[in-house]
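A.B. asks: Okay, handing you the structure first.
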Amino acid sequence: MQSITGQLDEQSLLARLDDQWPSAVGNAAFTIAAQQEPFWQCMIRVVDAEQGDYLAILRLPDELQASHDAFVTIIENLPDVVTRYSREFRCIYANPALGVATGIPAETRFGKTYAETGAPVALDAEFEAAFQRVVDTGEPIEIAFDYAGPSGVRHYLGRATPEFDHEGRVTSILSVVRDISEVRRLQHQLEQLARTDPLTALLNRRSFTARLGLELDLVQRGQAGLTLLLLDLDNFKDINDRFGHVAGDRVLETVGQVLTEETRPQDVAARLGGDEFCVALINTDADSARDVAQRISRRIRGICGQDGRPLGISASVGVAQAEEQDKTAEDLLSRVDVLLYQVKSSGTTAGTV
């Protein structure tokens, strides 16, 4: 047996057969390199030499066949969607994971473009543009997308990689797509934890200050109005001392619920720390803000313990409208903090500046 290499296409195969054409009294065997595949063994058998009839059998050598089978087993059992496309973006291979993700058997995709498989129009256009870029540049590309499959809308991240022939021409595209839904969920959860107070689910001080700064920018441009409520719970330390920190945490959670229920979706509520809370009322005048403050104070006074009796807790509230002098969030917070101190000193429940 002789070993020679070349691309397994019609022209090169005929050339190899010419070189190793069997005689009428024998057979020829040689090995050639199939395009993008392992080395295949080509066995030529004489059928009728006078008529020029010959039989060519392509097979992998046993040791390569075992390696090939192991590789196929790995790809076929990957949870990632592995597909290969021609330069014309027609599917020439798809592993079973494609069927799991889409609900459409992988074998029905062969020979078809994305559009011909019934994929969403927008997704088809996005993939075609990505594949075209791979063909044009010879560089891999990543694409993130959402797809509504049998298990609902899932988030995916794909990577399309060019495959080349011996002349450096892109002949096909290998696509590997991974379901990143769980990663996205965990990222969102971490972002929420970084932005919010874990006890009340309100914004934390850092996130609230950043949001307040954005709202103040609109105020400075004359595009919005803003009134700030700063709340401090009275006698909260007594609650912790008398009933324990678990009861104190329940009070803080309840206050968070009150602030959420007594404000609108466009308003922003936060726990700044300890027993101090803040609410930014968007496009709200002073009178309306005082009404909101009174409703909040009334509900806080009604907070009861496990025995159903009021805990005797109350809240002092400072109310301040954003003005031109408030260049930063800290400017406005400082002003309303001064007012809150005056309210607590006077024994009233709310005051406006």
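The values are calculated or read from the model by the stated rules, or taken from the named source; none is laboratory data. This one's a predicted model, so the numbers in the text were calculated from it and none came from an experiment. Virtual Cβ from ideal backbone geometry, glycine too; neighbours counted across all protein chains shown.
A.B. asks: Would you pick out the residues in region 204-229 that are among the hydrophobic types (A, V, I, L, M, F, W, C), over 17 Å from GLN325 (Cα atoms) and part of a helix (DSSP H, G or I)?
C.D. replies: Across region 204-229, the qualifying residues are PHE208, ALA210.
A.B. asks: If you check every pair at least six apart or on different chains, which have Cβ atoms under 6 Å apart with a residue in region 93-110 that is in the same structural domain as ILE173 (by TED's automatic domain parsing) and on the phi > 0 side of the Ramachandran plot first and a residue that is buried (at least 20 other Cβ atoms within 10 Å of the Cβ) and at pLDDT below 85 second?
C.D. replies: none
A.B. asks: When you look at LEU78, is it in a helix (DSSP H, G or I) and either buried (at least 20 other Cβ atoms within 10 Å of the Cβ) or among the aliphatic types (A, V, I, L, M) (or both), yes or no?
C.D. replies: It is false that LEU78 is in a helix (DSSP H, G or I) and either buried (at least 20 other Cβ atoms within 10 Å of the Cβ) or among the aliphatic types (A, V, I, L, M) (or both).
A.B. asks: Right, something else. Out of region 176-196, which residues are touching a helix residue (DSSP H, G or I) at 6+ places or on another chain (Cβ under 8 Å) and under 23 Å from VAL82 (Cα atoms)?
C.D. replies: Passing the criteria: VAL177, ASP179.
A.B. asks: How many residues, within region 320-345, are within 40 Å of the chain's Cα centre (by Cα) and of a type outside the set (D, E, K, R)?
C.D. replies: Number satisfying all stated conditions: 9.
A.B. asks: Considering every residue within region 329-348, establish whether at least one is surrounded by 12 or more Cβ atoms within 10 Å (Cβ to Cβ) and either outside any helix (DSSP H, G or I) or outside the structural domain of ALA201 (by TED's automatic domain parsing) (or both).
C.D. replies: In the first step, residues of region 329-348 are kept if they are surrounded by 12 or more Cβ atoms within 10 Å (Cβ to Cβ); the result is 329-344.
Filter again for either outside any helix (DSSP H, G or I) or outside the structural domain of ALA201 (by TED's automatic domain parsing) (or both), leaving none.
Looking for residues that are surrounded by 12 or more Cβ atoms within 10 Å (Cβ to Cβ) and either outside any helix (DSSP H, G or I) or outside the structural domain of ALA201 (by TED's automatic domain parsing) (or both), one finds none in region 329-348, hence no.
A.B. asks: List pairs: first residue in region 287-309 and in the same structural domain as VAL251 (by TED's automatic domain parsing), second residue of a type in the set (Ser, Thr, Tyr) anywhere in the structure, Cβ distance under 6 angstrom, at least six positions apart or on different chains.
C.D. replies: That search, which allows pairs on different chains as well, returns ALA289/THR227; SER297/THR349; ARG301/SER314; ILE303/THR254.
A.B. asks: Of the residues LEU64, LEU17, which is in contact with a Cys (Cβ under 9 Å, 6 or more places away or on another chain), at pLDDT below 75, surrounded by 14 or more Cβ atoms within 10 Å (Cβ to Cβ) and outside any strand (DSSP E or B)?
C.D. replies: LEU17
A.B. asks: Which one is farthest from the chain's Cα centre (by Cα) among residues in region 118-172 that are closer than 24 Å to ILE104 by Cα and aromatic (Phe, Trp, Tyr)?
C.D. replies: Of all residues in region 118-172, those closer than 24 Å to ILE104 by Cα come to 118-131, 142-161, 172.
Imposing the further condition that a residue be aromatic (Phe, Trp, Tyr) reduces the set to 127, 131, 145, 147, 156.
Details: PHE127: 18, PHE131: 22, PHE145: 9, TYR147: 12, TYR156: 8 Å.
So, considering only residues that are closer than 24 Å to ILE104 by Cα and aromatic (Phe, Trp, Tyr), the one farthest from the chain's Cα centre (by Cα) is PHE131.
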